[in-house]
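See below for the structure under consideration.
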Amino acid sequence: MIAIKNINKSFGERQVVKNVSFEFTQGKTNLIIGESGCGKTTILKMMVGLHELNSGEILYDGQNFPLLNSDGKQEIRKKIGMLFQGGALFDSQTLEENVNFPLDMFTDLTKAEKLDRVNFCLQRVQLEGKNKLYPAELSGGMKKRAALARAIANNPKYLFCDEPNSGLDPKTSIIIDTLIKDITEEYNITTIIITHDMNSVMEIGENIMFVFKGENWWAGDKTKILNTDNKELFDFVFASEFMKTFFKK
Amino acid sequence: MNPFFHIGRYFMLLFKVFKKPQNFRVYVRQIIFEIDSIGITSLPIVAIISIFMGGIITIQAAYAIDSPLVPLYVVGFTTRESMILEFSSTILCLILAGKVGSNIASEIGAMRITEQIDALEIMGINSASYLIFPKVAGAIIIFPCLVILSMFLGLVGGFIMGVSSGACTAYEYVFGIQAYFMPWKVGFSIAKCITFAFIITSVSSYYGYYTSGGALEVGRSSTNAVVYSSILILLFSLIYTKLFIG
Ligand SMILES: Nc1ncnc2c1ncn2[C@@H]1O[C@H](COP(=O)(O)OP(=O)(O)OP(=O)(O)O)[C@@H](O)[C@H]1O
Ligand SMILES: [Mg+2]
């Protein structure tokens, strides 16, 4: 379980994250939703220590992450798998080497075992047989999926996904969402997913935080989200005509 | 920005770079890779420049010594001294600063802006050490080899030009390059080039590592890397020369 308590962040004068608190449950898919630029990625990056926070606490199973020394942080980070919004695959390495990378660094598996694991992960994101391609040779959606394969390669305890299915067609989107949900339950991972895709929300939204202008504006699950009377959330959810016609009471 | 800010941040980065490696096997593999990418790919430019410079120094020496009182073997002697003392270490490293330095800064800078360095950090990897240490180590291993090769090829270039242009005979040249030879000067040159290898790789990595922004800033980092490593190379060359020779 990961809990954040009253975290704040400013870039210069502008406060981007305001006093956000939330609990991310283990074994469930926790969603952070909100419109573009509201501070979702910033919250995620603060949680893994890529942005310093101005104040607040980030508790990984009770340990206050920002206060740990660099060795302590590294220990927790070895248990984190993260999918960046831009993929962040290593350009100089093939797909296989990318996925193999965390295994190479942190496990004592044999070559064959590592290759098995790599192929297994690639197959789960439907990239089997693409081992020898370089990131530059992949499409945008394939990069996303490859990055997800790398994030789950070393069986993370905490999984962070920044828009795992932006740039994917609806069918592949659902496959990726289901994959994340499945491994979350299978390995009892604490998974946090950023998305602004309502499809995903309805598919896997078990524990949702809606961020509005840097604040935790609303929290709940997918059944509550459709009946909300929170104006900002309502506007966000029912922004499209489709949602309006099909779900509005 | 304030130079003390950069100096402080540079040394703090070095402190991170020289922490204990997390996985020895991977580091060894990376070092070998860097030896290839920094050293072996520089062979053609090192060879071409050294041969030409050797030839040019020989012709200029022969031209300058145009006096019946000075024996012609001095041409070979001058070529050897210039190559060993200054050209094969300092000038060659200046050229490598252009090639290797800009390469390193843009590689690491691109990794920074596309969040690849963040990805390393998140995996629990000491990104500074993982990315920079193999480059520094690889350069320190391979630069002395390049320098020795450059000395040799410079003398060969001098021989070809000197003899073919009639500046001196083959015998005089060969006699000249052996005359009054002091081995410590080669050691001096190698010590210099190891220092320069460290400067080029660490300074360029520094500028790459602290790139922020987009592609434009990567270009700027790469320029800074070359400019500042060149200045530092000249500064340290002066210090070495003052300490050991003048
Ligand atoms: N490194 C930075 N320096 C300054 N401002 C930043 C930085 N990173 C983000 N911001 C600002 O913080 C705000 C929130 O950005 P963030 O990336 O968290 O948005 P987001 O919710 O992830 O949006 P999206 O859905 O479009 O990815 C934005 O207004 C952005 O301009
Ligand atoms: Mg974002």
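For Cα pairs less than 8 Å apart in space and 6+ apart in sequence, what is the mean separation divided by the residue count of the stretch B:22-244, i.e. the relative contact order in percent?
Computed value for the stretch B:22-244: 36 percent relative contact order.
Can you pull the mean other chain C-beta count within 10 Å for peptide B:121-134?
The shielding value for this peptide is 4.
I need the Debye-formula profile for the protein assembly as shown: one equal scatterer per C-alpha, no solvent, reported as log10 I(q)/I(0) at q = 0.08, 0.12 1/Å, two decimals.
-0.61, -1.06
Taking all pairs of distinct Cα atoms, average 1/r, flip it, and tell me the Kirkwood hydrodynamic radius of the stretch A:22-140 in Å to one decimal place.
16.9
How charged is the neighbourhood of A:Gly27? Take every other residue with its Cβ under 14 Å from the Cβ of A:Gly27, and add Lys/Arg as +1 and Asp/Glu as -1.
Surrounding charge for A:Gly27 is -3.
Looking at the stretch B:115-185, which chymotrypsin sites (Phe, Trp or Tyr not before Pro) are in a loop (DSSP not H, G, I, E or B) and have at most 16 other Cβ atoms within 10 Å?
B:Tyr180, B:Phe181
Rounded to the nearest Å, what's the spacing between the alpha carbon centres of the stretch A:169-235 and the stretch B:75-128? Just the number, please.
47
Among A:Ala219, A:Ala136, A:Ala151, determine the one that fluctuates most according to a GNM of chain A built with springs between C-alpha atoms less than 10 Å apart.
Taking springs between Cα atoms under 10 Å, the residue moving most is A:Ala136.
Give me the percent relative contact order of the stretch A:83-206, please, defined on Cα pairs under 8 angstrom at least 6 residues apart.
So the answer I get is 29 percent.
Suppose R0 equals 22 Å. What FRET efficiency, 1/(1 + (r/R0)^6) with r the Cβ-Cβ distance, do B:Lys19 and A:Leu67 give to the nearest 0.05?
0.60
Name the helices (complete DSSP H segments) of chain B with a Cα length along the long axis of 30 Å or more and a Kyte-Doolittle mean of at least -0.5, or state none.
B:43-64, B:127-164, B:184-209, B:215-244
Using just the Cα positions, wrap the stretch A:6-65 in a convex hull and report its mean projected area in square nanometres, one decimal place.
For the stretch A:6-65, averaging the hull's shadow over all directions gives 4.3 nm².
For chain A, what is the mean residue ellipticity at 222 nm derived from helices alone (per DSSP H run of n ≥ 4: -39500 (n - 2.57); sum divided by total residues; nearest 500 deg cm²/dmol)?
After summing the helix terms and dividing by the residues of chain A, the value is -11500 deg cm²/dmol.
Could you check how many percent of all C-alpha pairs in the stretch B:159-246 are farther apart than 24 Å?
50
Only counting other Cβ atoms within 10 Å, I'd like B:Arg29, A:Arg150 sorted with the fewest neighbours first.
Lowest count first: B:Arg29, A:Arg150.
Which lysines have a Cα lying under 18 Å from the Cα of A:Lys114, excluding residues fewer than 8 positions away in the same chain?
Candidates past the 8-residue exclusion: A:Lys78, A:Lys79, A:Lys130, A:Lys132.
Do any GluC sites (Glu not before Pro) in the stretch A:113-210 lie in a DSSP loop with no more than 13 other beta carbon atoms within 10 Å, and if so, which?
For GluC sites (Glu not before Pro) across the stretch A:113-210 that sit outside H, G, I, E and B with at most 13 neighbouring Cβ atoms in 10 Å, the list reads A:Glu128.
When B:Asp118, A:Asp162, A:Asp116 are ordered from fewest to most other Cβ atoms inside 10 Å of their Cβ, what list results?
Ascending Cβ contact count within 10 Å gives the list A:Asp116, B:Asp118, A:Asp162.
Any chance you could get the radius of gyration and Dmax over the Cα atoms of chain A, in Å?
Cα-based Rg and Dmax for chain A come out at 18.2, 58 Å.
Scaled to the compact-protein estimate 2.2 N^0.38 Å, what is the alpha-carbon radius of gyration of the stretch A:130-179, rounded to two decimal places?
1.15
Rg over Rh of the stretch A:83-206, using C-alpha atoms and the Kirkwood radius, what does it come to?
Checking Rg against Rh, the ratio lands at 0.95.
Report, to one decimal in Å, the Kirkwood hydrodynamic radius for the stretch B:22-244 based on all distinct Cα pairs.
Its Kirkwood hydrodynamic radius stands at 18.7 Å.
Counting only other residues whose beta carbon sits under 10 Å from that of A:Asp197, what net charge do I get with K and R as +1, D and E as -1?
Net local charge, A:Asp197 excluded: -3.
Bear in mind these aren't lab numbers, they're just calculated from the coordinates by the rules spelled out. Just so we're clear, the structure is a prediction, and the values are computed from it rather than from any experiment. Cβ sites come from the backbone with ideal geometry, for glycine too, and all protein chains shown count toward neighbours.
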